[in-house]
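Chemist: Below is the structure I would like to discuss, written out as C-alpha cells.
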Amino acid sequence: MEALGIRDDYSDGTAASQNTLQLIAFSIDEQIYGVEITTVREIRAWNGATPLPNTREYVRGVINLRGTIVPIFDLRARFGDGKTNPTKNHVVVVMSVGDKWIGILVDAVSDILTVSKDDIHTVPEGNSVDTELLNGIVTHDGRMVGLIDLAAVVSGAKTDA
Amino acid sequence: MSDLDEFKATYFDECSELLLELEEQFSAIQEGDRDSERLNAVFRAIHSIKGGGGAFGFDGLVKFAHSFETLLDYVRDGKVELSEDVIVLCIRSIDIVADFVGAARTGDALAASYGAVEKAQFDALARGQSAGAASTDDEPMDDFDIDFTPVAVNLERELPMASTAPATDGMTRWTIGFTPFPTLYERANDPLLLFRELGMLGTMTVTPRLKPMPKLADFDPFGVYCAWDIELVSDRASADTIREVFEFVDGDCAITIEMHEGSAPAAIALDDDDLPSFAALAEMAKAERKFIATGDADDMGAGADLSALLDDTKAEAAAPAPLHLVAEAAPAPATAANRDRSTDAPEDSASSGRPVGMQSIRVDLDKVDRVVNMVGELVITQSMLTQQMDDAIRDRYQELVRGIEVLAQTTRGLQDAVMAIRAQPVKSVFSRMPRLVRELASKTGKKIKLETIGENTEIDKTVIEQLSDPLTHMVRNSADHGIESPEKRVSRGKPEVGTVRLSAEQAGGNILIIVEDDGGGINRDRVLEIARERGVVGPDQQMTDEQIDNLIFAPGFSTASEVSDISGRGVGMDVVLSNIKKIGGSVHVRSWTGKGTRMTLRLPLTLAVLDVMLVKVAGSPYVIPLSSIVETIQNSRADFGHMPSGGKVLQVRGEYVQVVDLATRFEMTTDQAEDSRFVVLCEAEGNSKIALVVDDIIGQQQVVIKSLEENFERIDGIAGGTILGDGNVALIVDVQSLKSGTAHQTAA
C-alpha cells in the first residue's frame, strides 16, 4: 500500500510539474533572481578561483570541481554593477548550460521557489541588458524574481571579447 | 594462428557493431526515412562484413553478403525500388547475416541452403524482378556483375564441406580449379608460385586445361589460354588454407575448391537435415544456372568450366562423380602419402568448438581517457599526501600513515592497470620498418639488416600514433646516411652487411627507443661546416663533439649535398625533434666516427601526465611544461638589454632573446620586486627561444592536463589548466603561442 502511495505522490508531482517551474532563488544585493532547478548541479561556498588572463572582467576565473575545470562568472559584474568582492559567505551556483558546466558567483542562495508558468511576465522592453540577460520575471510572495538566461550570461563572454 | 585469431576476434566484435548499425538504419528506413546517407551506411556496413568475412574465408557469409550488397547497390542507384517488400526482405536478411556471423564465430555449420531463399530473391531483384518470388523468367541481365555469381556458385558447394572438418587421421583429396583472368597476369602474379605454395600442403598433380590456341597472327601475347586443375592430396589442407594460397589473386581468377572424402559428400548429409529448404536450394541452383547460360562465358574463359562444375554439383548430389570415385574408393594412396606427414598435426579448423562470446569489449577512447585522467589525479593527490607527512605525524598517527602507504601502493597499481588499458606494443610501428629498410637497401645498393628488439614494449596509444613518422624518418636516416656502401664497409674491415638496430625498452617512467647503426658515424667536420654555412652556428662558436652531433636536429640544417631522394624530401631531422617534443619526449644522438650512430628517443609512458615547473605570477599559480624549459635565471643575475619599444631582451650565451613579462602579458599586477623575480628561458617550436619573467619558482611536479575549452573557451597564451595538489587550478603556459604572439603584442 505504501508503495502505491509513493507512486501516487510521484504522479501528482509530474502532473503538477507540467504547469509549474521550480527555481533556485539567489540574491545579488536585495534583488532576487532565479534559475530553473534542473540546471543546477551544485551550490558551494566561494573558495577562491584562479584568475584567467586576457578575458572579460566578469569571468572571475576557474575552479576545480572534482577534477573538472569550471569557469566562474561574476553575475554582479555581468550586470555591469562592478566586480563582487567575494567573501566566504558568497556562493557559487554550479549549473549546466548546454554541454558545459559553469558557476555563477552570487551573494546568497535564498530559497527553492515553485512558480506557475502562467505567472511568468515578459521583461519590459527598454534596457537591452535586461532583455538580454533575463528570460522573464515572476512574482513570488509579492517580490519580483528575475529569471536568468544562462546562455546569455555565458555566451556574452565570447561575443563581447 | 594466434595472430589470425586475434584478427578474427576483432572482426567479430566489429560485426556485432555493424549488425547493430544495420538494424538501426533499416528501422529508420522502414519508418519512411529514405535519406541516401542511410543507404550508404547500410551498404558500407554490409560491405565491411563481407570484406572481413572474405579475408577469413567465411564463404557462406561472403556469398550471402555479396548478394545483399549487390541488391543494396542497385537500390542506391535507383535501379531497384526500395519498396516495402524489399525493406522487409532486407531486415530479414540482417538476421541471416547475423546467423552467418554467429555460425562463423562458433565454427558451427549452417545448412547449405540457409538464406538461399533470400539470396535468390536478392538475385532476382538485382535482375529487375519483384521481391517475393525468385522466378526463372528469361530476362536479360545487362548490368549483371559478371564476376560474382560464378564464384558464388562454387562457394555454394564448398561451404558445407569446409565446415565439416576432414577426419583427423585421414587424407583428404581436393580438386581445385584455377582459371586466371587476364588481370592476374597484369598484376604480375605467377601461377607457378601459387602452385608451389599449394604443393607445400600435400601431394599435388597439376593438369592444364588448354583452350584452343589461336593462329599465330591472332595470338594475343597477354591473353589467357590456359587454366589448371589441381588434384591435392593432403592431411592438413582445409578450404581455408587453400583459399589462403590464392588470397592475393582473389578477384583475378576463378577458383573452385572441392573436397572429397571417403563418405558421401557432406553437402548431401546437411541438406537432409534441412529438408524443407531443399526445394529452395534447387530453385536457386536453377536460377544461377540460368545466369551462367546467359552470361558471357567466353569473356572470362571460365564460364564454360563453371557450368560444367555446376553440373558436377548436381551429379554429386545424386552420386559421386566418376572422377571423385577414385579418391573416395581408394584410401590407399592417401595413407602412403600420410607417412610423409604423419608427424604434422591436422590443421585446427574453424569448427573445433572454440569458446564463444566477447573476449574483449570496445570502449570509447574518451571513457578510457576519463579514467586515466582521474587516476592521474589520484596519483598526484596521493603523492601530495605522502609529502605532507613529517616525522611528527609519523610518530603520532601510525595507523593513518600505514593507511596512506597502502593507499600509495594501491594507487600505483591502479595507475599501472589503467595505463595498460591504453598501452599498445610498439610492434605496430616497428613492423613497418623492415619493408622500409628493404626498399632502401635495394634503392641504394647497400646491404642492410634490420634487427628489432623489445617490440613488445608497450606505450600509450596516443604516443604510438605520434611515433610512427619520426621513427620512420630516423630509421631512414640511419639506413641512408649511416650505413656505408658494401665496398666501403669491406675496405673499413666491417662486415659487408650493415646493421640497423631498432630497440625499445622501458626505463622508469620513460620509454627509450634506440635507433642504432654500425655505419660511418656522423661526419662532424662536414656537419659543422654546413652549420656554419647556414648560420645555424656562429663562425667562431666552439662546440663539443656531442653538440655537433646534435646539430643535425637544428632547424634549417640539412646536409644538402648528401641528400638523396630517400632521406631528403624536405623533412629534416628538426621535424623529428619537434614531433617528439610535441609528445613530451626528447631525442639525443651520439656518434662514433667509423663505428656508427645511436639515436635515443626518450618518450613519456603516457601523455596524460605532464612534467611541469610550477611558478607564480601575480599570486596565481602557472605551470610551464618542463620539456620546453632550457634554464632558469634569477632576475638579479640576468643580463637584460632595453629596446627602443620599451621591451627587454635577454642576453644569454651570445644570443639575444625576447623577454615577455608574464604579469604584464596576462594583464595582472605584481608587487614582487624586480630583482627577486625569475627568468624562465624556454624553447618554442623550431628552436626559437623566449624568456618568460615570473614572480617565483615553486618547483617541479607532474600534472594532469585539463581542458579549459570543455567548459569555457580558449584563452590566448594558455594551453590548458591543471589541478594542483591543494585542489587549486593552475594554468598551463602556452609557450608557443606566447612566442608567436609577441610580435603582435609589442606592436599593439
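Any read-out appearing in this document is the output of simple, stated calculations on the displayed coordinates, not a laboratory observation. For clarity, every value in this text was computed on a predicted model and none was experimentally measured. Here the Cβ positions follow ideal geometry from the backbone for every residue, glycine too, while neighbour counts run over all protein chains shown.
Chemist: Round to the nearest 0.05 the FRET efficiency obtained for B:GLN541 and B:GLN634 when R0 = 30 Å and r is the Cβ-Cβ distance.
Modeler: Plugging the Cβ-Cβ distance into 1/(1 + (r/R0)^6) gives 0.70.
Chemist: Need the list of lysines near B:LYS443 for cross-linking: C-alpha distance under 19 angstrom, and skip anything on the same chain fewer than eight residues off.
Modeler: B:LYS488
Chemist: What does the C-alpha gyration tensor say about the overall shape of segment B:609-747? Classify as rounded when a/c is under 1.5, otherwise prolate if a/b is larger than b/c, or oblate.
Modeler: Taking the square roots of the gyration eigenvalues as a ≥ b ≥ c, segment B:609-747 is prolate.
Chemist: Let me ask something else. Pairs B:LYS461/B:LYS494; A:LYS83/A:LYS117; B:LYS461/B:LYS616; A:LYS83/B:LYS616: which are spaced more than 30 Å apart, C-alpha to C-alpha?
Modeler: B:LYS461/B:LYS494; A:LYS83/A:LYS117; B:LYS461/B:LYS616
Chemist: Shifting gears a bit: For B:ASP77, B:ASP661, what's the fewest-to-most ordering of other Cβ within 10 Å of each Cβ?
Modeler: Going from least to most buried by this count: B:ASP77, B:ASP661.
Chemist: So if R0 is 41 Å, what FRET efficiency would B:GLU23 and B:TYR185 give, r being the distance between their Cβ atoms, rounded to the nearest 0.05?
Modeler: Taking R0 as 41 Å, the efficiency between B:GLU23 and B:TYR185 is 0.40.
Chemist: Separate question: Sort A:119-132, B:620-633 by the packing proxy (mean of other Cβ within 10 Å over each peptide's residues), most packed first.
Modeler: Going by the mean number of other Cβ atoms within 10 Å, highest first, we get B:620-633, A:119-132.
Chemist: Right, something else. What average count of beta carbons from other chains do you get within 10 Å of the Cβ of residues in B:666-675?
Modeler: 1
Chemist: As a footprinting exposure proxy, order B:MET213, B:MET433, B:MET384 by other Cβ within 10 Å, with the fewest listed first.
Modeler: Neighbour counts put them in this order, fewest first: B:MET213, B:MET384, B:MET433.
Chemist: Express in whole angstrom the spacing between the alpha-carbon centres of segment B:487-514 and segment A:65-113.
Modeler: 60
Chemist: Per residue of B:417-425, count partner chain C-beta atoms within 10 Å of its C-beta, then hand back the mean as an integer.
Modeler: Mean partner-chain Cβ count within 10 Å for B:417-425: 0.
Chemist: Based only on Cα atoms, what mean projected area does the convex hull of segment B:464-507 have, in nm²?
Modeler: 4.1
Chemist: Does segment B:426-604 come out rounded, prolate or oblate by the C-alpha gyration tensor, with a ≥ b ≥ c the root eigenvalues, rounded set by a/c under 1.5 and, if not, prolate when a/b is larger than b/c and oblate if not?
Modeler: Here segment B:426-604 falls in the oblate category.
Chemist: In addition: Calculate, in nm to one decimal, what B:VAL406 and B:LYS461 gain on full extension: separation in residues at 0.36 nm each, minus their alpha carbon distance.
Modeler: My answer for the length gained is 16.9 nm.
Chemist: Would you mind checking B:LYS427/B:LYS595; A:LYS100/B:LYS367; B:LYS8/B:LYS119 for any pair whose Cα atoms are more than 19 angstrom apart?
Modeler: Too far apart for the 19 Å limit: B:LYS427/B:LYS595; B:LYS8/B:LYS119.
Chemist: Sort B:LEU601, A:LEU21 so the one with the fewest other Cβ atoms within 10 Å of its own Cβ comes first.
Modeler: So the ranking, lowest neighbour count to highest, is A:LEU21, B:LEU601.
Chemist: Compute the label zone of A:GLN22 within segment A:109-141: residues whose backbone N is under 12 Å from the point 7 Å along Cα-to-Cβ.
Modeler: Those under the cut-off are A:112-115.
Chemist: About the Cα centre of segment B:426-604, what is the dipole size in debye to 20, counting +1 per Lys and Arg Cβ and -1 per Asp and Glu Cβ, all else neutral?
Modeler: About 380 debye.
Chemist: If you don't mind, there's one more thing I want to ask. Tell me whether segment A:18-159 comes out rounded, prolate or oblate; compute the Cα gyration tensor, take square roots of the eigenvalues as a ≥ b ≥ c, and use a/c under 1.5 as the rounded threshold.
Modeler: Verdict is prolate for segment A:18-159.
Chemist: If you don't mind, there's one more thing I want to ask. Provide the FRET efficiency to the nearest 0.05 for the B:ARG432-B:ILE91 pair, computing r from the beta carbons and using R0 = 45 Å.
Modeler: Given R0 = 45 Å and the Cβ-Cβ separation, E is 0.60.
Chemist: OK, next. Positive end of the dipole of segment B:1-137, charges at C-beta (+1 Lys, Arg; -1 Asp, Glu), about the Cα centre: which of B:VAL75, B:SER48, B:GLN30 has its Cα farthest in that direction?
Modeler: Value: B:VAL75.
Chemist: Among the listed pairs B:LYS581/B:LYS689; B:LYS581/B:LYS648; B:LYS582/B:LYS706, which have their C-alpha atoms separated by more than 19 angstrom in this model?
Modeler: Where the Cα-Cα span goes over 19 Å, the pairs concerned are B:LYS581/B:LYS648.
Chemist: Mind giving me the nanometre distance, one decimal, between the label points for A:ASP81 and A:VAL109, set 7 Å out from Cα along Cα→Cβ?
Modeler: The two pseudo-label positions are separated by 2.0 nm.
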